[in-house]
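Structure first, commentary second.
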Amino acid sequence: MLHAMRPVLLATALLAVTAHAFLGFGSGSARNAADDAKWGHYHNQEQLETKLNEINEKCPEISTLYEIGKSVEGRSLVVIHFSTTPGEHVPTKPEVKLIGNMHGNEPIGRELLLRFAENLCDGAINNDKEVIQLLNSTSIHILPSMNPDGFELALSTEPAQRQWLTGRANINGVDLNRDFPDLDSIFYELQKIQVPKFDHLLSLFDDNVDRQPETIAVGQWTLSLPFVLSANFHEGDLVANYPFDAAIDENSQKTDYSASPDDGTFRWLAKSYADNHAHMSKNDHAPCDGSSQDAFARQGGITNGAKWYSVAGGMQDFNYLATNAMEITLELSCEKMPAGSQLPQFWEDNKKSIFEYVWKSHSGIKGLVVDATTGEPIYRAVVWIRNGTETVPIKHPVTTWSEGDYYRILPAGQYEVIVAAEGYDIAAKNVTIENKVRDSALVVNFALSPSAEQPSENEQEKIAELVDEITRRR
Ligand SMILES: [Zn+2]
């Protein structure tokens, strides 16, 4: 997608490691006045772009900037990409994305992501052991602002005049977190009529609705790389929200839990963010809405989206149902757009969570699927996972990318990995995932033998039957 660059493996200066061991992000390092002055305000679009350019110029070997599109008013939707191979996908190196400011009047994430970007760059320069390990193993894409027009409107409105919704939507008045294709309705319908199709549902979707440029840009970006893990930063509460976001019955006003096939894994991901946050999972703060129903801390600082309130056309469910990526939505503050002077404290409260969450892209398994005779990568092979405690696989396979690589985030446990591809014999392996290695998921490669059977007249039908067999009869 972008220019290729030669990989640069970052070296850690051993002497520097000791010096930085107590300055690391996990050490609860104290704030200092200079950082507070630098980060105690919101960056407008021009300042944001300037800052991203400065970071990129300071760290050209590990970062690159690219634009995924423009807002309605023509502002750049700019991404900074950190990797030892900036601008390039390397098979089995997980791609992570972090998205801020989807709602324009919820800009804490925008500022935290900008600071996170600077932290990665400075950490690499200063030989911070953990930052270097992270950058050597991970490809991190940061979009600080998905809705710069809404942000500028909120920023230019006096705080006293700002309503709860001022600047939330894009400049056309569309809530971007309701503007994605509603794939949940397709998923629920397929379940109802018992069609064994659970993933990559976008091809089945058609509603003839004109979507907003910001939604299209982020949607296409989401599909353009084999993203493994994603987070979407918001405000209005303090909780980590995981799929599904949409209720099974949109019209029922009920708030029923809607579990995705990966409910356990999503809860584990959300809990990682909440537990590493200064307050999210702790009983040390009042519920944002003042009622006991909203006491998210009592449930570990996490919530199922639909159980909270139903959102159709949201981004996190789109990620899960259209791609292999797993995304959660993070609510960082009861108050929307708090005074800029509070931003340094928000960074202190969230930085460990952000780092630990990105590390989660190295959990579970990953590997390459190739043709056993030619060694060529197999694109769109389907990888199913059966939890050792279950009889049928998780109804959410992932598919291989063009270079044959796949990624599957999973908590520790015993699993069976089953790989199917058109024209090949099915293959399976039992694995024990421990998630003890921080910078690499367990590598499980497959070399598939071309099927001895003649290709059937209708290959799609054959695959569908295979899927049916895997998911029903095992
Ligand atoms: Zn929001």
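The values are calculated or read from the model by the stated rules, or taken from the named source; none is laboratory data. Note that the structure is a prediction, hence the values are computed from the model and not measured. Cβ: placed from backbone, ideal geometry, glycine included. Neighbour counts: every protein chain shown. Just the protein is used for accessible areas: all its heavy atoms, side chains included, with ligands, DNA and RNA removed. Shrake-Rupley method; radii C 1.70, N 1.55, O 1.52, S 1.80 Å.
What the table shows:
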| item | result |
| --- | --- |
| Cross-link pairs Lys93/Lys436; Lys58/Lys360; Lys352/Lys395; Lys197/Lys395; Lys97/Lys395; Lys282/Lys436 - those with Cα-Cα distance over 20 Å | Lys58/Lys360; Lys352/Lys395; Lys97/Lys395; Lys282/Lys436 |
| Ile142, Ile394, ranked by accessible area, largest first (probe 1.4 Å) | Ile394, Ile142 |
| Cα long-axis angle, helix 459-473 against the chain (0 to 90 degrees, to the nearest 10) | 80 |
| The chain, helix-only ellipticity at 222 nm - DSSP H runs n ≥ 4, -39,500 (n - 2.57), divided by all residues, nearest 500 | -9000 deg cm²/dmol |
| Solvent-accessible area, 1.4 Å probe, carbon plus sulfur percent, for segment 10-362 | 50 |
| Length gained when the stretch Thr432-Asn172 is fully extended (0.36 nm per residue, less Cα-Cα span) | 88.6 nm |
| Segment 54-201, accessible area per residue, ligands and nucleic acids excluded (1.4 Å, Å²) | 33 |
| Segment 366-443 - Debye-derived log10 I(q)/I(0), Cα point model, q = 0.20, 0.27 Å⁻¹ | -0.89, -1.36 |
| Protein-only accessible surface order, largest first, of Ser258, Ser440, Ser341 at 1.4 Å | Ser341, Ser440, Ser258 |
| Estimated FRET transfer efficiency (Asp289, Glu416; beta-carbon r; R0 60 Å; 0.05) | 0.85 |
| Gained length - Ile125 relative to Glu335, 0.36 nm times residue gap less alpha-carbon distance | 72.1 nm |
| Spin-label model distance (nm) - Arg380 vs Glu403, 7 Å beyond Cα toward Cβ | 2.1 |
| Solvent-accessible surface (1.4 angstrom probe) belonging to Val431, in square angstrom, nearest 10 | 10 |
| Bridge type composition, segment 10-362 - antiparallel percent by DSSP, nearest 5 | 45 |
| Simple label model, 7 Å out from Cα along Cβ direction - Lys70 to Leu202, nm | 2.3 |
| Pairwise FRET efficiency - Ala160 versus Asn445, Cβ, R0 = 51 Å, nearest 0.05 | 0.25 |
| Heavy atoms of His277 accessible to a 1.4 Å probe, total area in Å² rounded to 10 | 10 |
| ³J(HN,Hα), Karplus 6.51/-1.76/1.60, whole Hz, each residue of segment 198-214, x for Gly, Pro | 10, 9, 6, 8, 4, 5, 8, 9, 7, 10, 6, 8, 6, 9, 6, x, 5 |
| Fraction of beta bridges assigned by DSSP in segment 228-374 that are antiparallel (%, nearest 5) | 35 |
| For a label point 7 Å along the Cα-to-beta-carbon line of Ile193, residues of segment 216-246 with backbone N under 16 Å | none |
| Estimated vicinal HN-Hα couplings, Hz - segment 370-381 in sequence order (Karplus 6.51, -1.76, 1.60; Gly, Pro = x) | 10, 6, 5, 8, 9, x, 6, x, 9, 8, 6, 5 |
| Shape call, segment 10-362: gyration tensor on alpha carbons, a/c limit 1.5 | rounded |
